[in-house]
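One structure below.
The values are calculated or read from the model by the stated rules, or taken from the named source; none is laboratory data. Owing to the predicted nature of the structure, the values given are computational and were not obtained by experimental measurement. Note that each Cβ is placed from the backbone with ideal geometry, even for glycine, and that neighbours are counted across all protein chains shown. Just so you know, the surface numbers come from the protein's heavy atoms only, side chains and all, with ligands and any DNA or RNA stripped out. Shrake-Rupley method; radii C 1.70, N 1.55, O 1.52, S 1.80 Å.
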Amino acid sequence: MTKLAFIGAGSTIFMKNIVGDMLHFEALRDARIALMDIDPVRLEESRMVAEKMIATMGTGATVEATTDRARALEGADFVVTAFQIGGYRPSTVIDFDVPRKYGLRQTIADTLGVGGIMRGLRTVPHLWEVAADMARLCPDALLLQYVNPMAINTWALAERFPNLRQAGLCHSVQNTVEEIAHDLDLPAHEIRYRVAGVNHVAFFLRLEHRGRDLYPALREGYRAGRLPKPPLLMPRCWNRVRYEVMDHLGHFCTESSEHLAEYVPWFIKEGREDLIEEFRIPLDEYPLRCVEQAEGWAEQAKRLKTAAGIEVRKSHEFAAEMMNAVVTDTPYVAYANLPNRGQVPQLPQGAAVETPALVDANGVQPTTVTDIPPQLVALMRTQVNVQELVVRALVEENVEHVYHAAYMDPHTAAELDLRQIRSLVTDLLAAHGDMIPAFARPRRAA
């Protein structure tokens, strides 16, 4: 029987998607599922949800809930990670409140920028601990890693554990296809596409419907003011930033406009409230989303506890599809983040890159993409610069590279000078305390 170890299973909604997807595959219906989290209350809620899904589907899968990571990992065939170190409080609040004092405004702060840098410092050491346990307890297992900052995490894992079988997974490609289909009144499953780049700043190099290039319709609709339509997925998060970038750089980005707005220097600028209004940029979106999701889950948990069964709809996440492909040796194509070993020759070796990958019994095998337009490569390099410096800081335990990463961040550098950035980073490191590695904690004056 296949064993899945789910690390961070207190993320109940996400656990529900991944485990629920598994139950739809004949080869995974009898899986052993080990749910692990450090929060026993959330862990128990997840165990209850998983068992009710299994009962509804009538499968032979079994569930074990544990706060012991080693116990969950022992003998695993697949490992899913889905955790947020530091949580909404205190870490997300710190990531927004401290920069705001310097006039630096953010939307999501989980991938790039000073918020993404801090999240990388908090997260990578824990992923390294998971990888070390895997080397000891399940050395052949495949790690399916869903934690942000995805590119920093994937790169850092490969640096410290080069033999680890891993893939960083995201749903930005699938979500974007749904949004484009919504805007163009097309069935999403009929759209054909090819994507490559770095996570959250990858681009649709090909975008077609029944052989018809969709880019002319997107460009004409945007210039005429018909597109984007009101949001499909997040009501506060309009897609105007992505359309504007497409209009100037020629291609559509895979990550949402609220994310993209803080990866680049063009939209969130002091004294330019006209840009915030015109492009409907939802500042401080992620903290608000965290509060809403927590409240929503509290209500949903009450309903699930009393429900006789739980409807198990298949999601569009890649994880279960990839597990089935490996177990049954059935080829499947997923978009995966992997260390660059030449699959994207236009970007640095070792950087985490996102391309189509063939998945079967041989594992996750990336395809090569050589034709990314140079203006897109240039934008991707601005992201890779920051990612590489954070990885170097962690691997070499050199706190100066944390500052260097912030200096190179496009949005931060567009708003603050070098001395302001240094002061901001020092304040962030101090505020995070022992949530970040010891080498990065500011030394107290004697």
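Tabulated data
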{"read-out": "Verdict on Pro99 being open to solvent by less than 10 Å² (accessible area, probe 1.4 Å), of a type outside the set (Val, Ile, Thr) and at negative phi", "value": "yes"}
{"read-out": "Condition check for Ala357: crowded, with 16+ Cβ neighbours inside 10 Å and either closer than 26 Å to Met322 by Cβ or touching a Gly at 6+ places or on another chain (Cβ under 9 Å) (or both)", "value": "yes"}
{"read-out": "Filter pass, Arg242 being within 25 Å of the chain's Cα centre (by Cα), within 17 Å of Glu354 (Cβ to Cβ) and part of a helix (DSSP H, G or I)", "value": "yes"}
{"read-out": "Conditions (1) at pLDDT 95 or above; (2) open to solvent by less than 20 Å² (accessible area, probe 1.4 Å); number of the one not met by Cys237", "value": "(1)"}
{"read-out": "Failed criterion for Glu292 (all others in (1) under 22 Å from Leu184 (Cα atoms); (2) free of Cβ contacts under 8 Å to residues at least 24 places away in the same chain; (3) under 20 Å from the mean Cα position of the chain (by Cα) hold)", "value": "(1)"}
{"read-out": "Filter result (within 15 Å of Ala351 (Cβ to Cβ) and either surrounded by fewer than 18 Cβ atoms within 10 Å (Cβ to Cβ) or aromatic (Phe, Trp, Tyr) (or both)) within the range 141-183", "value": "Trp155, Glu159, Pro162"}
{"read-out": "Subset of the range 394-415 that is among the aliphatic types (A, V, I, L, M) and touching a Pro at 6+ places or on another chain (Cβ under 9 Å) - its residue that is surrounded by the most Cβ atoms within 10 Å (Cβ to Cβ)", "value": "Leu394"}
{"read-out": "From Glu74, Glu44, residue being open to solvent by 10 Å² or more (accessible area, probe 1.4 Å), free of Cβ contacts under 8 Å to residues at least 24 places away in the same chain and among the charged types (D, E, K, R)", "value": "Glu44"}
{"read-out": "Candidates Leu205, Leu218, Leu186 - the one that is outside any helix (DSSP H, G or I), farther than 19 Å from Ala334 by Cβ and either open to solvent by less than 60 Å² (accessible area, probe 1.4 Å) or in contact with a strand residue (DSSP E or B) (Cβ under 7 Å, 6 or more places away or on another chain) (or both)", "value": "Leu186"}
{"read-out": "Breaking point among (1) within 20 Å of Ala301 (Cα to Cα); (2) open to solvent by less than 10 Å² (accessible area, probe 1.4 Å); (3) aliphatic (A, V, I, L, M); (4) more than 22 Å from the chain's Cα centre (by Cα), for Ala55", "value": "(2)"}
{"read-out": "The one condition in (1) in contact (Cβ under 8 Å) with a residue 24 or more places away in the chain; (2) within 18 Å of Asn337 (Cα to Cα) that Gln365 fails to fulfil", "value": "(1)"}
{"read-out": "Helices (runs of 4 or more DSSP H) within the range 1-75 that include 1 or more residues farther than 17 Å from Glu321 by Cβ and acidic (Asp, Glu)", "value": "40-57"}
{"read-out": "Number of positions in the range 416-428 that are crowded, with 21+ Cβ neighbours inside 10 Å and part of a helix (DSSP H, G or I)", "value": "4"}
{"read-out": "Residue count for the range 216-230, restricted to those that are within 26 Å of the chain's Cα centre (by Cα) and free of Cβ contacts under 8 Å to residues at least 24 places away in the same chain", "value": "1"}
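Table: residues versus (1) of a type in the set (Phe, Trp, Tyr); (2) open to solvent by 60 Å² or more (accessible area, probe 1.4 Å).
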position	(1), (2)
Cys253	no, no
Tyr263	yes, no
Asp274	no, yes
Arg280	no, yes
Asp284	no, no
Glu292	no, yes
Glu295	no, yes
